[in-house]
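The structure appears right after this line, and notes come after that.
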There are 2 protein chains.
Amino acid sequence: MAKQPDQYLAVNPWAVIEEGFHQEKARVSESIFSLGNEYMGVRGYFDEGYSGDGLLGSYFNGVFEETDIKHPALFKGFSTRRCFMVNTVDWLYTRIYMDGEELDLAKSRFSGFVRRLDLRTGILTREFIWETENGKHLKLIFQRFLSMVRPHLGCQRLSIIPLDFSGTVDIVSGLDFSRFHQAGDDFTPLQSSMGKNFWNIEEKSWGKDAVAMMGCTKRSGQRVFSSFRLRMQDCPAMDRVEGDKLIGSSFALPLRLEEIVQYDKLVVNRAEKLVRAKTEDVWTSGMQLAQDLGDLAWDEALAEHQSYWEKVWETSDIVIEGDPENQQGVRFCIFQLHQTYHGQDARLNVGAKGLTGESYDGATFWDTETYCLPFYVFNNPKAARNLLGYRYMTLPQAMERAKELDCRGACYPMVTIDGTESCGVWQHGNLEIHVSIAVAYGIWHYMRVCGDDRFLGEEGLEMLIQICRYLASRGQWHPRTGEFGFWGVMGPDEFHMMVHNNCYTNFMAKKSLEYTLGVIRELRDKAPELLSSVSTKVGLDPAELDLWHKMADNMRIPQNKETGLFEQHDGFFDLPHLDIQSIPVTQFPLYKHWAYDRIFRSDMIKQPDVLLFLFFFSQDFSSRVKQINYCYYEPRCINESSLSPGIHSILAAELSMHDKAYAYAGFASRLDLDNYNRNTEEGLHTTSMAATWMNVVYGFGGLRSDGDVLVFNPSIPRNWRVFSFHLQYRGSLMEVGIDRDQALFRILNGSALSIRVFGREYLIDEAGLSLPMPAVRLG
Amino acid sequence: MAKQPDQYLAVNPWAVIEEGFHQEKARVSESIFSLGNEYMGVRGYFDEGYSGDGLLGSYFNGVFEETDIKHPALFKGFSTRRCFMVNTVDWLYTRIYMDGEELDLAKSRFSGFVRRLDLRTGILTREFIWETENGKHLKLIFQRFLSMVRPHLGCQRLSIIPLDFSGTVDIVSGLDFSRFHQAGDDFTPLQSSMGKNFWNIEEKSWGKDAVAMMGCTKRSGQRVFSSFRLRMQDCPAMDRVEGDKLIGSSFALPLRLEEIVQYDKLVVNRAEKLVRAKTEDVWTSGMQLAQDLGDLAWDEALAEHQSYWEKVWETSDIVIEGDPENQQGVRFCIFQLHQTYHGQDARLNVGAKGLTGESYDGATFWDTETYCLPFYVFNNPKAARNLLGYRYMTLPQAMERAKELDCRGACYPMVTIDGTESCGVWQHGNLEIHVSIAVAYGIWHYMRVCGDDRFLGEEGLEMLIQICRYLASRGQWHPRTGEFGFWGVMGPDEFHMMVHNNCYTNFMAKKSLEYTLGVIRELRDKAPELLSSVSTKVGLDPAELDLWHKMADNMRIPQNKETGLFEQHDGFFDLPHLDIQSIPVTQFPLYKHWAYDRIFRSDMIKQPDVLLFLFFFSQDFSSRVKQINYCYYEPRCINESSLSPGIHSILAAELSMHDKAYAYAGFASRLDLDNYNRNTEEGLHTTSMAATWMNVVYGFGGLRSDGDVLVFNPSIPRNWRVFSFHLQYRGSLMEVGIDRDQALFRILNGSALSIRVFGREYLIDEAGLSLPMPAVRLG
């Protein structure tokens, strides 16, 4: 827990504000001031260009380029194709000249710089006063938003006020496909000049309605159509501007002393991932979208965008009084999660860094099911449904992958954009079999909270069967005990490799098998035709079910039956002990400072493994068992994953170790705002933001959602006066408010719900229920 | 044991003969007909050029080019630089034209093709009758040898007999640096057209004494000087021939009906690995060598070469009567071992494929100490000494490597040419820590047989100390039992990875520590000054010795004390059982047909692991213990390494399983001659040839050399009438002859020796000792 904040942004409950340009943190700010609307995202780079160091990143969710993965030696089942979300068109492209001098904050003189991201409305504003070489002063205000209701629409507004002169300013506004992707091979971020451009230009046009251009990736054959139109009061003459991968208009804007002049750029983008699509069809449909925009004005677009955000905050806000830093942090997390994904398209998913950078290749990990899905099931069930739909859509790829690995059924990828395995590091991509299990867990959890029988019948059951099939073909029987389990795996911990019977993997596999068998049993009575149709489709053999039953019943779960301590995998207790406190802070992250193999030969763990399933299936375990496992594993964990502290915080809260719970939660919400890991420049830790949400709701809110009713055992950090959050559950919207004295539960919308609080069951409705809080027990 | 021979060469006790050109086996023959003299090697390619598929390979021991190793993700301690023995100058380059038609056995008409490698003299002869398009017939005889006494000298003779005409033949003879290296990234052999050339030409000259050229590798900066002179009776006019990387002379040779005309090409090559050397100096010393050749004629050069081989066979021959195939096979092995290395230069070593191909990059593995050294200690003690000298010379690299791995002392590389780690596959390069242990074992074994105190004081002890230091820093203590051991390793087996306390590794490490401590103890009395000087040099702390003592005493050796069965590593007995007989033959080699991770999750092993140390330290273990371990591990082993069957054969012989012993030995001696593994085209299995020698001497000869005297428990395969072999031991040369009735031991040279035969000690001298053989017990 030696991490230190690097705080330079103002603390504000509803905004992120940078006062004065922090040039040395340019990349960090670009990440933090990212905007996205699920369909696309742009980092908070400067519209007008910037010759200093930075990552001018503009991305479309799921639009990727691909490269070959090079292995020192290639073996069967190694992934050889890396897909990465590719940096694409700079549609905010603007260049500004006064008396021939180009505005460039790396070189120009300026003052009064303020950048502000409004979390309530999703508008990014940046203003400053430019002092030209000729001594003129202009105030410039840039604003942008990415419409949350029109996925293709991005809006930019530039306002200029000449403070001490009248004259003209020359402007070029356009689209630029020439920018560099900066993530090199092996994920390493490169210098801005070192990247590569992956685009060929297929079409360009200066049309009546819009200036447009279309690029195609060089190898994956994916296309991005981009177009813009400019709106201003007295439209000046426009000249065409063209470069190799650039298109735009240039014009001179007349300025009158102290009068504001502004123009709006409305951009319509369209991404086409279907490689077979014809160039002309993609172009035509892009142009159609651009036309469809009609006369839509900035104000209208903004109004509908704002009203979307209003609704989000109505149902998803978390209020924390008494702790402005966490208040801001947690809202920033909720904001970014909605920006990254809100369920508009089942073909998309949540990248580990969202749409805010190139690190982790914009790929989806098992974080989606284990960390993000809880946020979505309680805030946006449609989004949760669609995230699982993405796994259904990519089921064929998962089945292909299982075959490559000499298995049957569906093996979901460790790292993916298009459903294929993109993880070149075989020890992760081939051994972390719990990814498939996480999909089954996600289905189970979604069904628990949202109860969506239609999804289960149409997609869920088929996935469950194929996952079970994979598990049955991947697992083996213990030669001495006759138990079933998984040999040669890497558990969630990731600091132990080629281990046997990882406790998490085996336990969760048992749950997956049991749940699937339970669903089939239930459908046999309730919907035999549906069951029969799915069974026929997947060719299900009744003998398979018997086998799964036997496997689940005999699953090996290494545990000391006397103490209740689980053994993370066979032989874990025989690993040499390492006192992690003895490791100098300078040696973190260990992956960069330790010889690789050294990491794997002690009882040190990277992130929770046993503790994870004690949390996921909380109600299966007594406090005593949680306590003994927490006390054993937590001191052995170095939390090298940003997803890790939240789990410790949640369990610490449950076990009444409140100080520990708060300490672990401390930096999670501000991981990026205060750049705790010193790598925010590479992009935001988007999936960790979901962990932050869980940390508040499951941790201090004490929620557990693995039973038939929601369970709450709330506690409140010492310096919080009150905190409240919302939950959607089976069609109802519930508010939970907690202060030192009482816990309040109230239905805002929908029918009454049974919940269990501090061990007793209550029915809550719109009138609400207030229960006294127990005295705080210090941890 | 499903391997099948693919026999196409004639069986002959002293020669390898191909009758009729087997075009489809062109590459296999190139490997088999390779010549080498430790300094350099050439595959058996056609002197006159050949447009068909083949690998025109010409190599210099230790001359390498380098490339970057690409990793999907690079972690600390991963090797990033691959060195490979690079294909270099074709100094046999010859082109032959009749009436403008070029001789090319891929296109020309020919008959009477015979290729013959004389094992007694090391001469390769190839003859055939060429029928030109004009219907002329010429008999051509090519001969070549690489002088075993003049490392720089290669000799080629071409004899031509016009069978039905008189006229002239046009010939170009030269040096060609333009050939392609054909091993691609990741060891894959490429098509002949797909390779790369790695040479820049620095100098060329047509001098009085020789035509010469010098190339320099593009990246590693190593140089090869090559020169030739032609010798013939009536020297015709010579024209200069020059190409980009080619130099030579062309001339017309007058032919008279049925008269033989011949010329000799004497080639002087010089390899310079010192990168700092100046171009002109290397050139000058190459030219000097060429000049030094003086008037040396083919016959003289051949005579001294033949006399070298005579001596080799006098002291190293193995005679097998009654089994012509194994007789040929074992002589071929002995021949190739001498060709590859005979101790002329301590800076060189034995590549896994010798100098016969590009597979395994011409690199040295731990095979040198475990498989090759026994051959050399008993046949050529100077070579054995120099092989260990190579490890001493590369001690600085091994110490650097230990540091990279966060360890102390010396970590010897898994794969190397220049002493640095060239193994890009981290799971092998970083986890097979038994390579360093093998060096310690090699020192121990060399000292046992050769008793070379001077070596021990000058080099051996320093290596031993640095290896122990490495082991002490790499090992850890068991948290429950307090034992010392090695976590996170890969044992010799290689089908289990990241295992803990591999029995072989731990046992051999214990022996290394004990031997080192023993040497230090002995020197303390015998040579305190020497000890003190070495101790000072390496900064030895007495506390280290105490620690090593404790480590050795408490070394964890997993074993069932009741049955005596060793557990290959912690938890091996809990691995799912796989019946290896159930694997279809078509799935071998498993590395190519099974998903990589699947290989690692059963009790199947690739090659002996426990059985290896039961053999190395044979006299430490009872027959009962060997028996139970053999019966457990042998059926679990698929012998995917060509080194593997020999060990099983040796142990089976010891355990009186004679049929099994013979079956395992069956194909070892002819592994390449009959292309059992179907990959001889990539080069010969040179280090396996040493295993073949061990198989005869240790297996049927029943030799054990791990005690104070040599021990023999001979047996004889049922179809062998008699076999005999030689051993050099502590200055004496011994002959051992075994038939069904008696075993004969005789000193040919040197003082009398004590040996133990069938459990009793005898003193043998030049008079010899004959002991009756026991009745054959069938296995």
Notebook entry, point to check: For the protein assembly as shown, what is the calculated [θ] at 222 nm in deg cm²/dmol (nearest 500), taking -39500 (n - 2.57) for each run of four or more DSSP H residues and dividing by its residue count?
Noted result: -8500 deg cm²/dmol
Next item on the list: Please name which of A:Ala10, A:Ala303, A:Trp693 has its Cα lying farthest along the dipole of chain A towards the positive end, using unit charges on Cβ (Lys, Arg +1; Asp, Glu -1) and the Cα centre as origin.
Entry: A:Trp693
Check: List for the range A:584-626: residues with 50 Å² or greater reduction in accessible area, all protein chains versus chain alone, probe 1.4 Å?
Finding: A:Ala595, A:Tyr596, A:Asp597, A:Arg601
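Using a 10 Å cut-off on Cβ to Cβ distances, tally the other chain neighbours for every residue of B:567-577 and report the average as a whole number.
Working: counts 0, 0, 1, 4, 8, 0, 2, 11, 7, 9, 4.
Partner Cβ neighbours, averaged per residue: 4.
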Margin query: I need the trypsin sites (Lys or Arg not before Pro) found in the range B:240-332, filtered to DSSP loop residues with at most 14 other beta carbons within 10 Å of theirs.
Written below: B:Arg256, B:Arg276, B:Lys278
Note to self: Per residue of the range A:264-269, what does 6.51 cos²θ - 1.76 cosθ + 1.60 with θ = phi - 60° give for ³J(HN,Hα)? Whole Hz please, x for Gly and Pro, Karplus curve as stated.
What the structure shows: 10, 10, 9, 10, 10, 10
Next item on the list: Using a Förster distance of 41 angstrom, determine the FRET efficiency expected from the C-beta separation of B:Leu748 and B:Thr481, and round it to 0.05.
Entry: 0.20
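Show B:Arg556, A:Arg524 ordered by accessible area, largest first, where the area counts protein heavy atoms only and the probe is 1.4 Å.
Values: B:Arg556 40, A:Arg524 125 Å².
Greatest to least solvent exposure: A:Arg524, B:Arg556.
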Notebook entry, point to check: How do B:762-769, A:368-375, A:59-66 rank on mean C-beta neighbours within 10 Å, highest first?
Noted result: A:368-375, A:59-66, B:762-769
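For the range A:194-248, just say rounded, prolate or oblate: build the C-alpha gyration tensor, square-root its eigenvalues into a ≥ b ≥ c, call rounded for a/c under 1.5, and beyond that prolate if a/b exceeds b/c, oblate if not. Intermediate values should be presented prior to the final figure.
Values: a/c = 2.91, a/b = 2.21, b/c = 1.31.
In terms of gyration-tensor shape, prolate.
With +1 on each Lys and Arg Cβ and -1 on each Asp and Glu Cβ, and nothing else charged, work out how big the dipole of the protein assembly as shown is about its Cα centre, in Debye to the nearest 20.
On the way: 160 positive and 204 negative charges, 392 e Å.
Charge dipole, the protein assembly as shown, about its Cα centre: 1880 debye, nearest 20.
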Check: With charges set only on the Cβ (+1 for Lys and Arg, -1 for Asp and Glu), what does the dipole of the range B:1-156 come to about its Cα centre, in debye to the nearest 20?
Finding: 600 debye
Checklist line | Extension reserve of the B:Thr586-B:Glu761 stretch, reckoned as 0.36 nm per residue once the Cα distance is removed | finding: 58.0 nm
Note to self: With θ taken as phi - 60° and the coefficients 6.51, -1.76 and 1.60, list the Karplus ³J(HN,Hα) couplings across the range B:216-224 in order, rounded to whole Hz; mark glycine and proline as x.
What the structure shows: 10, 5, 5, 10, 7, x, 9, 10, 10
Check: Using θ = phi - 60° and the Karplus form 6.51 cos²θ - 1.76 cosθ + 1.60, what ³J(HN,Hα) does each residue of the range B:30-43 get, whole Hz, x for Gly and Pro?
Finding: 3, 5, 5, 8, 5, 10, x, 9, 6, 6, 8, x, 10, 5
Item checked: Cβ crowding within 10 Å averaged over residues, with A:74-81, B:79-86, A:108-115 ranked highest first -> B:79-86, A:74-81, A:108-115
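Just the number please: accessible area per residue for the protein assembly as shown, 1.4 Å probe, all protein chains included, in Å².
Numbers: 53450 Å² over 1558 residues.
It amounts to 34 Å² per residue over the protein assembly as shown.
What's the average, rounded to a whole number, of partner chain beta-carbon atoms within 10 Å of each residue's beta-carbon in B:73-82? Walk me through the numbers on the way to the answer.
Working: counts 12, 5, 9, 10, 5, 4, 1, 1, 0, 1.
Mean partner-chain Cβ count within 10 Å for B:73-82: 5.
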Next item on the list: Just grab the label-to-label distance for A:Glu400 and B:Gln559, each label 7 Å out from Cα along the Cβ direction, in nm (one decimal).
Entry: 5.3 nm
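Within chain B, what whole-number % of the accessible surface is contributed by carbon and sulfur, with the 1.4 Å probe and all protein chains included in the calculation?
Numbers: 12950 of 26720 Å².
The nonpolar share, carbon plus sulfur, comes to 48 percent.
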Checklist line | Nearest-first distances (nm) between copies at B:Phe165, label 7 Å from Cα via Cβ | finding: 9.3
Margin query: Not counting ligands, DNA or RNA, and with a 1.4 Å probe, what is B:Leu253's accessible surface area in Å² rounded to the nearest 10?
Written below: 10 Å²
Notebook entry, point to check: If each of A:Arg718 and B:Asp620 carries a label point 7 Å out from its Cα toward its Cβ, how far apart are those two points in nm?
Noted result: 5.9 nm
Note to self: Run the simple label-point estimate for A:Glu314 and A:Arg678 please: 7 Å along Cα→C-beta, distance reported in nm.
What the structure shows: 4.6 nm
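Filter the GluC sites (Glu not before Pro) in the range A:450-531 to those in DSSP coil with at most 13 other Cβ atoms within 10 Å of their Cβ, and list the result.
Working: sites: A:Glu458, A:Glu459, A:Glu462, A:Glu483, A:Glu494, A:Glu514, A:Glu522, A:Glu529; in loops: A:Glu483, A:Glu494.
Those that pass, being in a loop and sparsely packed, number zero.
What is the range A:401-483 by shape, rounded, prolate or oblate, if you read a ≥ b ≥ c off the alpha carbon gyration tensor as root eigenvalues and call it rounded for a/c under 1.5, prolate for a/b larger than b/c, and oblate otherwise? Before the final figure, lay out the partial values.
Values: a/c = 2.08, a/b = 1.28, b/c = 1.63.
Because a/c hits 1.5 or more and a/b fails to exceed b/c, the range A:401-483 counts as oblate.
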Next item on the list: Quick one: with label points 7 Å out along Cα→Cβ, list the inter-copy distances for B:Glu242 in nm, shortest first?
Entry: 5.1
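Exactly which GluC sites (Glu not before Pro) in the range A:94-158 are in a DSSP loop and have at most 12 other Cβ atoms within 10 Å? Walk me through the intermediate numbers first.
Details: sites: A:Glu101, A:Glu102, A:Glu127, A:Glu131, A:Glu133; in loops: A:Glu133.
In loop regions of the range A:94-158 (DSSP not H, G, I, E or B), the sparsely surrounded GluC sites (Glu not before Pro) are A:Glu133.
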Notebook entry, point to check: When Cβ neighbours within 10 Å are restricted to other protein chains, what is their mean count per residue of peptide B:417-430?
Noted result: 2
Note to self: I'd like the FRET efficiency for B:Val709 and B:Cys631, computed as 1/(1 + (r/R0)^6) with the beta carbon distance as r and R0 of 25 Å, rounded to 0.05.
What the structure shows: 0.30
Next item on the list: Any chance you could check the Cα centroid distance between the range A:33-81 and the range A:319-382 for me, in angstrom?
Entry: 18 Å
Next item on the list: Kindly give the distances from B:Arg231 to its copy-mates, label point to label point, with each label point 7 Å from Cα along Cα→Cβ, as nm values to one decimal ordered shortest first.
Entry: 9.6
Next item on the list: Mind ranking B:613-623, B:434-444 by how tightly packed they are, going by the mean number of other C-beta atoms within 10 angstrom, highest first?
Entry: B:434-444, B:613-623
Note to self: As a quick test, which of the pairs B:Lys25/B:Lys265; A:Lys204/A:Lys278; B:Lys606/B:Lys660; A:Lys382/A:Lys537; A:Lys76/A:Lys196 have an alpha carbon distance above 24 angstrom in this structure?
What the structure shows: B:Lys25/B:Lys265; A:Lys382/A:Lys537; A:Lys76/A:Lys196
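Classify the range A:595-704 from the C-alpha gyration tensor, please: rounded if a/c falls under 1.5, else prolate or oblate depending on whether a/b exceeds b/c.
Values: a/c = 2.07, a/b = 1.17, b/c = 1.76.
Since a/c reaches 1.5 but b/c is at least a/b, the shape of the range A:595-704 is classed as oblate.
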Note to self: Skipping prolines and chain starts, which residues have an amide H placed within reach, meaning under 5 Å, of the one on A:Ala743, given they are 5 or more residues away or on another chain?
What the structure shows: A:Leu771, A:Met773
Notebook entry, point to check: So how exposed is B:Phe180, as accessible area in Å² (1.4 Å probe, rounded to 10)?
Noted result: 80 Å²
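How big is the B/A interface in buried accessible area, both sides summed, 1.4 Å probe, to the nearest 100 Å²?
4200 Å²
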Next item on the list: Determine how large the accessible area of B:Tyr50 is when every protein chain is in place; take a 1.4 Å probe and give Å² rounded to the nearest 10.
Entry: 50 Å²
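The values are calculated or read from the model by the stated rules, or taken from the named source; none is laboratory data. Values in this document were obtained by computation on a predicted structure and should not be read as measured data. So basically every Cβ, Gly included, is an ideal-geometry build from the backbone, and we count neighbours across all protein chains shown. To get the accessible areas, we keep the full protein, side chains included, count just its heavy atoms, and leave off ligands, DNA and RNA. Shrake-Rupley method; radii C 1.70, N 1.55, O 1.52, S 1.80 Å.
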